[in-house]
1. Which ones in the range 101-114 are in contact with a Gly (Cβ under 9 Å, 6 or more places away or on another chain) and surrounded by 19 or more Cβ atoms within 10 Å (Cβ to Cβ)?
2. Looking only at the range 88-100, count how many residues are at positive phi and either within 14 Å of the ligand (Cβ to nearest atom) or touching a helix residue (DSSP H, G or I) at 6+ places or on another chain (Cβ under 7 Å) (or both).
3. What is the residue count in the range 141-154 for residues that are farther than 17 Å from G117 by Cβ and open to solvent by 100 Å² or more (accessible area, probe 1.4 Å)?
4. Quick check: is even one residue across the range 107-121 within 24 Å of N24 (Cα to Cα), hydrophobic (A, V, I, L, M, F, W, C) and modelled with pLDDT of 95 or more?
5. Just give me the residues in the range 101-127 being part of a helix (DSSP H, G or I) and away from the ligand (no atom under 13 Å from the Cβ), in sequence order.
6. Given the residues R12, R77, which is the only one that is touching a helix residue (DSSP H, G or I) at 6+ places or on another chain (Cβ under 9 Å), more than 9 Å from the ligand (Cβ to nearest atom) and among the basic types (K, R)?
7. Across the range 45-58, which residue is farthest from the ligand (Cβ to nearest atom) among those that are farther than 14 Å from M109 by Cα and surrounded by 16 or more Cβ atoms within 10 Å (Cβ to Cβ)?
8. Of the residues V98, V65, which single one is more than 16 Å from R31 (Cα to Cα), open to solvent by 10 Å² or more (accessible area, probe 1.4 Å) and not in a helix (DSSP H, G or I)?
Amino acid sequence: MAELALEDVAGRVLVDHALEAARNAHAPYSRFGVGAALLLEDGTIVPGTNFENASYGLSLCAETVALAAANVAGQLRHVVAIGIVGGAIGPGGLIGDVPIYPCGRCRQMLNEAADLGRRDIVIYCASADGSVMRRHLLSELLPHAFGPGDLGLA
Ligand code: THU
């Protein structure tokens with residue numbers, strides 16, 4: 001039997017939840033669906049999906065939506081990992097071969113949770129059907145991050 005690291009199993013579960021969330025993407029303008037799923041310290045999974053509107057630039061990313069939901073629940077400091085999937089919205093689901101990475105703004109949002117929890121956040125980036133998954137750390141994707149410490153708040 002092939003061995004699967006525990007971390008990869010966590011990634012798979014998060015990516016599956018992200019795929020489920022992406023089914024509710026409201027993306028009639030870009031026709032690009034994104035799903036995200038946060039893993040909290042206690043095992044809770046918090047989903048998010050992108051939410052566009054007619055004033056294009058005001059759209060919300062899936063990761064930001066998930067982080068805001070974690071914040072409402074008072075759980076921002078307990079975020080340990082996130083899974084992200086995305087692709088063009090097709091008739092049978094998302095289309096695309098390459099893993100989706102969080103945009104710059106979402107990396108900054110994730111950094112706020114990482115700073116609060118005093119940890120690095122694991123980021124699983126997956127392709128449209130979840131078949132390609134890459135594991136990264138936030139510190140790799142957002143080196144030299146600007147954070148609360150720079151404002152003298154840490
Ligand atoms: N999008 C996300 O949800 N997350 C990202 O990290 C990158 C982009 C969304 C925003 C918009 O609804 C669509 O993808 C196309 O840019």
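1. Answer for the range 101-114, where residues must be in contact with a Gly (Cβ under 9 Å, 6 or more places away or on another chain) and surrounded by 19 or more Cβ atoms within 10 Å (Cβ to Cβ): N111, A114.
2. Number of matching residues: 1.
3. Qualifying residue count for the region: 3.
4. Scanning the range 107-121, I find at least one residue that is within 24 Å of N24 (Cα to Cα), hydrophobic (A, V, I, L, M, F, W, C) and modelled with pLDDT of 95 or more, so the answer is yes.
5. Hits for the range 101-127 are N111, E112, A113, A114, D115, L116, G117.
6. Going through R12, R77 in turn, the sole match is R77.
7. Per the criteria, the residue is I45.
8. Matching residue, one of V98, V65: V98.
The values are calculated or read from the model by the stated rules, or taken from the named source; none is laboratory data. The shown structure was predicted, so the numbers you read here are calculated from the model rather than taken from an experiment. Every residue, glycine among them, receives a Cβ derived from its backbone with ideal geometry; neighbour counts consider all protein chains shown. The protein model used for the area step is the full one, side chains on, heavy atoms only, and it has no ligands, DNA or RNA in it. Shrake-Rupley method; radii C 1.70, N 1.55, O 1.52, S 1.80 Å.
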